[in-house]
Amino acid sequence: MGLKEKILTKSLYVFHLSSGSCNNCDIEILDCLTPRYDLERFGIVLVGSVKHADALLCTGSTNRLCVPRIKKLYEMMPKPGFVIAWGACGSSRGVFKDSYNTGSPLDEIIPVDLYIPGCPPKPEAVIAGVKKLLDKVNAVKKK
Amino acid sequence: MKIFEYLFMFLVFPGFIFSSTIGLLAGWVDRKLTARVQWRVGPPWYQNFVDVIKLLFYKETLIPVNVSKPIFLGMPLLSLASATIVSTILLVISRFPQAGFLGDLIVVIYLLMIPAIALMLGAFASENPLASLGASREMKLMLAYELPFIISVLVPVIKCGYAIKVGDIITYQSLHGHIIAGASGVISFIVMLLCVQAKLGFAPFDMPEAETEIMAGSYIEYSGKALGVFKLSKAILLFVLPVLMIILYFGGIGFDVETFIKNVAGYLAILAAIVVIKNTNPRVRIDQAVRFFWGPVTALAIISAVLAYFGY
């Protein structure tokens, strides 16, 4: 593990993008920052602007109106950046799979680095998922 | 080789490297204390270093299409340079009180204004509506807090026999006792604490970068190196402003063991006060902030200046 990977894994700024979610996942994101789980221990903070972000956290079933915006936000994120698909809808459109206004799942729009399943995911699942993401960042170096 | 000596002072000690290190550590104290107030654990001590190194060396710097590049990228550097010059001036003068020049206190006050102005210009240059909103709030806030800030700086000046040299203020206090001992000193210290809170952009005066309404406001278009440089200059300000308060009210930075420990304790106390005010107050609206600073705070500052004039 080089210095770059060490630095990138110790400080993860997360931008929260809701593409038509039912708000349940969004509440669960806030749970991760509360005293019980406290993701700031690992240097993970929510930021207001996508230009500060290292990770794009997508919740919701990616409806048709959101698709161009998701692409734009992905392009605006400074690289290296990661994309996290959050919840059942973010990963695979969930129960809205056959709906008329959900065009395509998130990973057909932008490259996704991490899927966190659940409806909504528990904070424990989030911490386990973030650990996987950090392992993935380290694995890039080894290749 | 005078020039190398100056460069060393500016870049290493007590300038850029020293003050940014202390400032980032102070930023960690802020985050850790905030976490403890909220019953969380908080980040490890190296967190702010990691953040800034990540932004400075490993992230892409995006520049919006139509901006003027010299202004957009130059303003972070201007902000960092002026904050560094202030820390150099203040620390060199507290070591050698005679090293200053006539009116260096005024220069310090001017230079402390520049980071806010640089942030404003950079935000206006970025052509983002939210950034412009943040910048206009920053400007109003600056107009609000500069008036009581300057009046409260007048108190040490008056009490030290109209000295506008930082060195003279330090020497006077070592002979006649600290400014904070008098009634006027206490009042103007409180006023200055509130103004420092606004200068640092901490709650309740953090509306220029209100994350929940205008998404980081003035910083919204900044990324990578430019954002990292802004963060560094904010860190240096977090170190420099309490040091200025210690110099003006507690008799300057001492370099023997006893005074040094006292100074560190004083610095931590001021920092803790700022962080506790930040954590126990909600964000106010910009008009409330202007009314607060021009009303009761300015009145307090004038009272303290009058008290100082009559020698209390």
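The values are calculated or read from the model by the stated rules, or taken from the named source; none is laboratory data. As the structure is a computational prediction, the values presented were derived from the model and not from experiment. For neighbour counting, all protein chains shown are included, and Cβ atoms are generated from backbone atoms with ideal geometry for every residue, glycine included. Just so you know, the surface numbers come from the protein's heavy atoms only, side chains and all, with ligands and any DNA or RNA stripped out. Shrake-Rupley method; radii C 1.70, N 1.55, O 1.52, S 1.80 Å.
A few remarks follow.
- All of (1) surrounded by fewer than 21 Cβ atoms within 10 Å (Cβ to Cβ); (2) facing another protein chain (nearest Cβ under 8 Å); (3) of a type in the set (D, E) hold for A:E5 with one exception: (2).
- Residue within region B:71-90 that is surrounded by fewer than 19 Cβ atoms within 10 Å (Cβ to Cβ), at the interface with chain A (Cβ under 10 Å from one of its Cβ atoms) and of a type in the set (A, V, I, L, M) present: no
- Of the candidates A:V50, A:V45, the single residue that is open to solvent by 30 Å² or more (accessible area, probe 1.4 Å), more than 8 Å from chain B (Cβ to nearest Cβ) and aliphatic (A, V, I, L, M) is A:V45.
- The set of residues in region A:103-123 that are open to solvent by 90 Å² or more (accessible area, probe 1.4 Å) and over 14 Å from A:L57 (Cβ atoms) comprises A:E108, A:P117, A:C119, A:K122.
- Restricting A:D113, A:D135 to residues that are touching a strand residue (DSSP E or B) at 6+ places or on another chain (Cβ under 7 Å), of a type in the set (D, E, K, R) and within 27 Å of A:S11 (Cβ to Cβ) narrows the list to A:D113.
- When region B:56-70 is filtered for residues that are among the hydrophobic types (A, V, I, L, M, F, W, C) and within 9 Å of chain A (Cβ to nearest Cβ), the ones remaining, listed by number, are B:F57, B:L62.
- Unique residue being touching a helix residue (DSSP H, G or I) at 6+ places or on another chain (Cβ under 9 Å) and within 16 Å of A:A85 (Cα to Cα) when the list is A:L39, A:L17: A:L17
- Restricting the search to helices (runs of 4 or more DSSP H) fully inside region B:181-287 and requiring at least 2 residues that are under 14 Å from the mean Cα position of the chain (by Cα) gives B:183-200, B:224-249, B:257-280.
- Test for B:G201: is it open to solvent by 10 Å² or more (accessible area, probe 1.4 Å) and on the phi > 0 side of the Ramachandran plot: yes
- Taking helices (runs of 4 or more DSSP H) as the structural unit, those lying wholly within region B:85-180 and holding at least 1 residues that are of a type in the set (S, T, N, Q) and in contact with a Gly (Cβ under 7 Å, 6 or more places away or on another chain) correspond to B:166-176.
- Flag if B:L271 is surrounded by 23 or more Cβ atoms within 10 Å (Cβ to Cβ), out of contact with any Phe, Trp or Tyr (no Cβ under 8 Å at 6 or more places or on another chain) and of a type in the set (A, V, I, L, M, F, W, C): no
- Search result, residues across region B:10-43 that are part of a loop (DSSP other than H, G, I, E, B) and more than 8 Å from chain A (Cβ to nearest Cβ): B:V12, B:F13, B:P14, B:G15
- Here B:Y222 fulfils each of the conditions (1) under 30 Å from B:E127 (Cα atoms); (2) open to solvent by 30 Å² or more (accessible area, probe 1.4 Å) apart from (2).
- Applying the set (1) surrounded by 13 or more Cβ atoms within 10 Å (Cβ to Cβ); (2) at pLDDT below 90 to B:G295 leaves exactly one unmet item: (1).
- Residue in region A:88-97 that is surrounded by 18 or more Cβ atoms within 10 Å (Cβ to Cβ) and over 17 Å from A:N23 (Cα atoms) present: no
- Candidate set from region B:23-60 (those that are among the aromatic types (F, W, Y) and under 22 Å from the mean Cα position of the chain (by Cα)); member that is surrounded by the fewest Cβ atoms within 10 Å (Cβ to Cβ): B:W45
- Test: residue in region B:106-116 that is within 14 Å of chain A (Cβ to nearest Cβ) and either out of contact with any Ser or Thr (no Cβ under 8 Å at 6 or more places or on another chain) or modelled with pLDDT of 90 or more (or both): no
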